[in-house]
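What follows is calculated from the coordinates using simple rules that are stated; it is not laboratory data. All figures in this text were calculated on a predicted structure; none of them were measured in a lab. Neighbour counts run over all protein chains shown; Cβ positions are idealised from the backbone, glycine included.
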Amino acid sequence: MGVSGAGKSTVARAIAERLDAPFVDADDLHPPANRRKLGAGEPLTDDDRSPWLAAVREHLRERDRMAPESTSDHGVVIACSALRRAYRDVLRDVDRAVFFVELGADPELLADRLAARRGHFASHRILESQLATLEPLDPDENGIAYSGSLPVEQVVDRVLAALRSARPR
């Protein structure tokens with residue numbers, strides 16, 4: 001979770017590869033109207049995000065329905081902004097534990113990354129509104145926070161260690 005440019009997709013893909021788990025980029029689940037707004041640099045409202053977050057949650061639920069209980073299941077790894085606790089609450093409304101990885105970075109680094117990014121539908125102009133919207137993980141939320149400026153493999157190693165220690169034995 002985190003704002004645009006924090007490294008969510010890159011880190012999530014690497015975690016999914018290491019776990020041999022499916023990866024989903026929640027950006028791919030945005031409805032066309034959201035994609036148009038984001039492309040124009042317009043911040044999304046809660047009304048815009050609501051159906052999108054429901055689609056992400058439904059993807060989690062569908063994964064649970066499809067995964068046989070007898071197999072070793074590492075779940076699914078989803079790259080999703082989940083900027084507010086209320087948004088994360090929507091995603092937690094599934095029949096399994098949800099573990100969040102919050103990636104943060106210096107706003108200047110984020111802006112540089114977004115300026116260099118090619119092929120993404122969201123405009124770099126949404127960064128300011130996302131930073132204003134961001135609510136860091138609360139201490140009672142299942143997850144961990146890291147700097148998105150750390151090397152990807154270092155973040156992945158730390159996340160996997162945190163996941164191992166968070167699992168019930």
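Quick rundown of the values:
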{"read-out": "Neighbour net charge for Asp106 - beta-carbon separation under 13 angstrom, K R +1, D E -1", "value": "-1"}
{"read-out": "Rounded to 5, percent antiparallel among DSSP beta bridges of the chain", "value": "0"}
{"read-out": "Burial order of peptide ranges 22-34, 39-51 (average beta-carbon count within 10 Å, highest first)", "value": "22-34, 39-51"}
{"read-out": "Förster-model FRET efficiency, 22 Å R0, Thr45 and Asp138, C-beta, rounded to 0.05", "value": "0.45"}
{"read-out": "Student exercise, the stretch 1-55 dipole from Lys, Arg, Asp, Glu Cβ charges, in Debye to nearest 20", "value": "120"}
{"read-out": "Taking the C-alpha atoms of the chain, convex hull volume expressed per residue in Å³", "value": "116"}
{"read-out": "Computed lengthening from Phe23 to Ala115, 0.36 nm per intervening residue step minus Cα-Cα distance", "value": "30.6 nm"}
